[in-house]
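See below for the structure under consideration.
The values are calculated or read from the model by the stated rules, or taken from the named source; none is laboratory data. Bear in mind the structure is a predicted one, so any value in this text is a computation, not a measurement. Here Cβ is always computed from backbone atoms with ideal geometry, including for glycine, and neighbour counts include all displayed protein chains.
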Amino acid sequence: MTRSSAAWSRKTSCAAVIVLGLVWTGACQQRTATTVRSEVSAGSSVGSAGATSAAGSAGSAVAPAAADAGSAAGAPSEFGPGGAIRYAAKAANTDFFSINEDEQAFFIASWDATGAAATKRAAEAFEELYRKTVDLDATWPYPMDPKRSYIENRLACGIRSANAALQAAPGRQRAMAIAAVVSGDAISIAHVGKDRAYLVRDGQIRQLTLDHSMLEEYRREHPDAAQADLDRLPRKDVLTRALGRRDSVEVDVLTERVRDGDRILLASEALHRTLEEQTILEAVREHGLEKADLEEAVQGVWDRAARRGGPQVTVILLGFVMKQR
């Protein structure tokens, strides 16, 4: 099934714990923002990232770009007795994001320079890998890492598939990517590049991922380096990993336990280029966990970035309600 920016495929969804599915949303070329609200409970489609916003509780998609920059807000899916995961998302013109409620999976591909062609291709390749590997007997294009869980391996495989798709594309297509899957009370996150994941808990914010930049590579190799040395490091913002650069790419994966009231923010690199962590935290924590609250928080992040004169940002905000409130 396919969906437009205003209509979603609908289907009853049932699962023991959380139910979430991929709603693939890409960006387009115009910057006018509109808001469209609808609900999804399952299905398969491709969604565009125009400046639209939709509420959903399941679905799967990657769609052609719509007329504006895009956003989507998700209705709760079951997360234990009385619990739910809620989400809201908004995309920049050159980025693609996806939300798969059936798989409880979330994906962002971002890049400023090459436009939406590369990020859309990356999102489609990630979604295709997940579609094929629903069958547990399916052959994976890459071997599993025995040190990683099944969920972590599948995430890494999806991002490596996105890398292969960009390598096979004409021209020099590049992208960064971050993906996450929720399972029980844990979220697994994989990334390549400088897109980030943050945990907001108890009024504090913590960066979960490490950027693939000259600065962070130097930090890993010199953990005792003084801040003054780090400040003087030449070309410290240079990207050290990206999709489409080489035949193979190393994917970082982590798993974090979540608690009631936690929020996970997945964000394109443009966000932390524009806003410091404290400003991001202020935008998120001043709103609650209801669906409308998450939409307002996402819009607040966008508005703060816009006031700084930075580029458009892409964010997916997840809120975890583990029990009846």
**OP:** For M322, work out the one condition from (1) surrounded by fewer than 19 Cβ atoms within 10 Å (Cβ to Cβ); (2) among the aliphatic types (A, V, I, L, M); (3) in contact with a Pro (Cβ under 8 Å, 6 or more places away or on another chain) it doesn't fulfil.
**Re:** (3)
**OP:** Looking for whichever is aliphatic (A, V, I, L, M), at pLDDT below 95 and within 20 Å of the chain's Cα centre (by Cα) here; the options are A156, A123, A168. Which one fits?
**Re:** A123
Original post:
What tally of residues in the stretch 227-239 results from selecting those that are modelled with pLDDT of 75 or more and surrounded by fewer than 16 Cβ atoms within 10 Å (Cβ to Cβ)?
Top reply: 2
**OP:** Among the candidates R131, R121, single out the residue that is surrounded by fewer than 19 Cβ atoms within 10 Å (Cβ to Cβ), charged (D, E, K, R), part of a helix (DSSP H, G or I) and out of contact with any strand residue (DSSP E or B) (no Cβ under 7 Å at 6 or more places or on another chain).
**Re:** R131
Original post:
Tell me, which residue of the stretch 290-325 that is among the small types (G, A, S) and farther than 21 Å from T274 by Cβ is nearest to the chain's Cα centre (by Cα)?
Top reply: G319
Original post:
From A306, A267, A292, A297, which residue is touching a helix residue (DSSP H, G or I) at 6+ places or on another chain (Cβ under 7 Å) and either over 23 Å from M176 (Cα atoms) or hydrophobic (A, V, I, L, M, F, W, C) (or both)?
Top reply: A297
Original post:
Scanning for something hydrophobic (A, V, I, L, M, F, W, C), more than 29 Å from S183 (Cβ to Cβ) and touching a strand residue (DSSP E or B) at 6+ places or on another chain (Cβ under 7 Å), does the stretch 223-245 turn up at least one residue?
Top reply: yes
Original post:
Pick from the stretch 134-160 the residues that are hydrophobic (A, V, I, L, M, F, W, C) and part of a loop (DSSP other than H, G, I, E, B): which of them is surrounded by the fewest Cβ atoms within 10 Å (Cβ to Cβ)?
Top reply: L136
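Okay, residues lined up against (1) assigned to a loop (DSSP other than H, G, I, E, B); (2) in contact (Cβ under 8 Å) with a residue 24 or more places away in the chain:
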position	(1), (2)
A228	no, no
P234	yes, no
V249	yes, yes
L254	no, yes
T279	no, yes
E295	no, yes
G300	no, no
Original post:
Within the stretch 203-222, which residues are at pLDDT 75 or above, part of a loop (DSSP other than H, G, I, E, B) and more than 24 Å from A175 (Cβ to Cβ)?
Top reply: G203
Original post:
Is it fair to say R131 is under 16 Å from R241 (Cβ atoms) and not polar (S, T, N, Q)?
Top reply: no
Original post:
Of all residues in the stretch 299-325 being within 18 Å of F96 (Cα to Cα) and out of contact with any Phe, Trp or Tyr (no Cβ under 9 Å at 6 or more places or on another chain), which is modelled with the lowest pLDDT?
Top reply: P311
Subject >> Odd one out for R259 among (1) in contact (Cβ under 8 Å) with a residue 40 or more places away in the chain; (2) assigned to a helix (DSSP H, G or I) >> reply: (2)
Subject >> Among (1) touching a Phe, Trp or Tyr at 6+ places or on another chain (Cβ under 8 Å); (2) within 17 Å of R273 (Cα to Cα) - the single one E216 does not satisfy >> reply: (1)
**OP:** Being crowded, with 17+ Cβ neighbours inside 10 Å, modelled with pLDDT of 95 or more and not hydroxyl-bearing (S, T, Y) narrows it down to one of L294, L266, so name that one.
**Re:** L266
Original post:
Picking from S110, S98, S71, which residue would you name as being within 15 Å of the chain's Cα centre (by Cα) and modelled with pLDDT under 80?
Top reply: S71
